[in-house]
Each structure stands twice: as structure tokens, then as C-alpha cells.
Amino acid sequence: MSGYKHLFFDLDHTLWDFDSNAKDALTEIYTLFNLEEKKIVPFEDFYTQYLYHNNLLWDRYHKGFITSEELKWKRMWRTLLDFKLGDEKLARDISSTFLTILPVKKKLFPYTTEILDYLIAKDYTLHLITNGFEKVQWSKINNSGIDKYFTHVITSESSNSLKPKKQIFDYALQTAGATIKESIMLGDNLEADIQGAINAGMDCVFVNHINATTILRPTYTIKHLKELESIF
């Protein structure tokens, strides 16, 4: 079939179900910090606003406009501001607690372990390339039980670069001892994963869980992880 040997996966929103795990973690946060008493109601609005600001600030982080530390607490700060609560200390405290609770959550997208088992059985070498924070990402990987599948985990911190920059892909290839022709990137983020892979000259699979539209032309597009069996 394909001439691929090295498969580079994204983690959040591709294999690890960030939105579901974030909702579980924020449910605990909501109770721990008595946010209902602070008029941050209903919870669903709090969760929705967090996702909005998280996505917005991750985009700014990808583009180099803010630091990782700013991202961590300002997504909470902006969410609280939406509920007329301008409390920076509370935002920082929530952020710290959230980053302790979130990584122990274990929800993966359907068929994640099955497809990883399938790919390993077919002798593919699997790696991760993630813009997530080193300690947090390793905690997610270990707690969800998928650490055993990956030979290398390349983070933005370890590579000193960020997807979609070409440098992180070059670093990943060098770390894995892989060539561009035998490698493929698999991810959900159109800019970081797909445009990033295109920038690096690497084939890519757009893991389109949310049925997004795009003018980009990934090598392959799937809507469910099981569809990878038709590619590999």
C-alpha cells in the first residue's frame, strides 16, 4: 500500500478528546471555586465561553502573539470577564487547578486504541507532535494509557518551535530518524497540523471530527479514526 513508515499524530482534538475532558475538569472547577455563587451561571455558558477563549488564545499562541504562560491564565481571565468578574487572582488560581485536574482525564475519541493497535500491528512507527505543554501532555498520554504506542513525543517546548512552523516538523523528522517521503502528519487543526505539514512538504491526513470545511487540500481527509484502515 503506502510507502509510509512513520506516522506523526497530533494529540488534542485528534486522539485525546479535549472538549469532553475539559468539560469534566471544568465541572469540578465550578464546584471547587463556588462559581455558581459568584453568578457565573449556568455552567453550560461558562463551559462554552471557556472553549471560545481557549480556541482564540491558542490561535494567538500558534502565531507567536502571546506566551504559553499568558495562554494558561488569560483564557480563564477572559472567561470570567464575560460574567463581569474581573478577578485576576481567581483566574490564575483556577488556571493552576485546571492544569492539575485536566491531564488526568482519560476520554479518547472513539476507536483510538483500536486504530493504534491496528497501526502497530502493521509495523508502522508512531509518534506525536503537539503544541501542548510538556508536563501536561505527558500526563494526558500516560493517564489515558496511550503512551505505549508512541516512539517519540515531540512537544513545542522540547523542539523550541510550534506547529505550523516548518522547524518543528524538521525537528520531529530528525528525532525519529525519518525521511519526509516515508512520513505523514495526522491531525485535526487546519492551520497547525495541515498547513504546517504542507509547509514542511509532508503528506497529511485531516482528521475532521467536526465536519469542518476548508480550501486546503490535505492528502487525505477522514471523519472517523476507523477510516485510517483504508489508508494504511
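Looking only at segment 167-209, how many residues end up being open to solvent by 50 Å² or more (accessible area, probe 1.4 Å), free of Cβ contacts under 8 Å to residues at least 24 places away in the same chain and in contact with a Lys or Arg (Cβ under 9 Å, 6 or more places away or on another chain)?
Residues that pass the stated criteria total 3.
Tell me, please, whether a residue that is surrounded by fewer than 21 Cβ atoms within 10 Å (Cβ to Cβ), touching a helix residue (DSSP H, G or I) at 6+ places or on another chain (Cβ under 8 Å) and at pLDDT below 95 can be found in segment 121-134.
Taking every residue of segment 121-134 in turn, at least one turns out to be surrounded by fewer than 21 Cβ atoms within 10 Å (Cβ to Cβ), touching a helix residue (DSSP H, G or I) at 6+ places or on another chain (Cβ under 8 Å) and at pLDDT below 95.
Restricting attention to segment 135-148, and to residues there that are in a helix (DSSP H, G or I) and surrounded by 21 or more Cβ atoms within 10 Å (Cβ to Cβ), which single residue is modelled with the lowest pLDDT?
Selected residue: Q137.
Of all residues in segment 124-146, which are under 17 Å from H62 (Cβ atoms) and without any contact (Cβ under 8 Å) to a residue 40 or more places away in the chain?
Once the filter is applied, which keeps residues that are under 17 Å from H62 (Cβ atoms) and without any contact (Cβ under 8 Å) to a residue 40 or more places away in the chain, segment 124-146 yields E134, V136.
Can you tell me which residues in segment 1-57 are touching a residue at least 60 places away in the same chain (Cβ under 8 Å), closer than 17 Å to D93 by Cβ and exposed (fewer than 14 other Cβ atoms within 10 Å of the Cβ)?
L32
Tell me, please, whether a residue that is on the phi < 0 side of the Ramachandran plot, in a helix (DSSP H, G or I) and either out of contact with any Gly (no Cβ under 7 Å at 6 or more places or on another chain) or among the small types (G, A, S) (or both) can be found in segment 3-18.
Among the residues of segment 3-18, at least one is on the phi < 0 side of the Ramachandran plot, in a helix (DSSP H, G or I) and either out of contact with any Gly (no Cβ under 7 Å at 6 or more places or on another chain) or among the small types (G, A, S) (or both), which makes the answer yes.
Among the residues of segment 93-103, is there at least one that is in contact with a Phe, Trp or Tyr (Cβ under 6 Å, 6 or more places away or on another chain), open to solvent by 40 Å² or more (accessible area, probe 1.4 Å) and without any contact (Cβ under 8 Å) to a residue 40 or more places away in the chain?
No, every residue in segment 93-103 fails to be in contact with a Phe, Trp or Tyr (Cβ under 6 Å, 6 or more places away or on another chain), open to solvent by 40 Å² or more (accessible area, probe 1.4 Å) and without any contact (Cβ under 8 Å) to a residue 40 or more places away in the chain.
Being over 25 Å from A176 (Cα atoms), assigned to a helix (DSSP H, G or I) and among the β-branched types (V, I, T) is the requirement here; does I66 meet it?
No; evaluated as a whole, the condition is false for this residue.
Which condition number does P164 fail, the rest of (1) within 17 Å of the chain's Cα centre (by Cα); (2) open to solvent by 50 Å² or more (accessible area, probe 1.4 Å) being met?
Only one criterion in (1) within 17 Å of the chain's Cα centre (by Cα); (2) open to solvent by 50 Å² or more (accessible area, probe 1.4 Å) is unmet by P164, namely (2).
The values are calculated or read from the model by the stated rules, or taken from the named source; none is laboratory data. Bear in mind the structure is a predicted one, so any value in this text is a computation, not a measurement. For neighbour counting, all protein chains shown are included, and Cβ atoms are generated from backbone atoms with ideal geometry for every residue, glycine included. Surface accessibility is based on the protein's heavy atoms, side chains included, excluding ligands, DNA and RNA. Shrake-Rupley method; radii C 1.70, N 1.55, O 1.52, S 1.80 Å.
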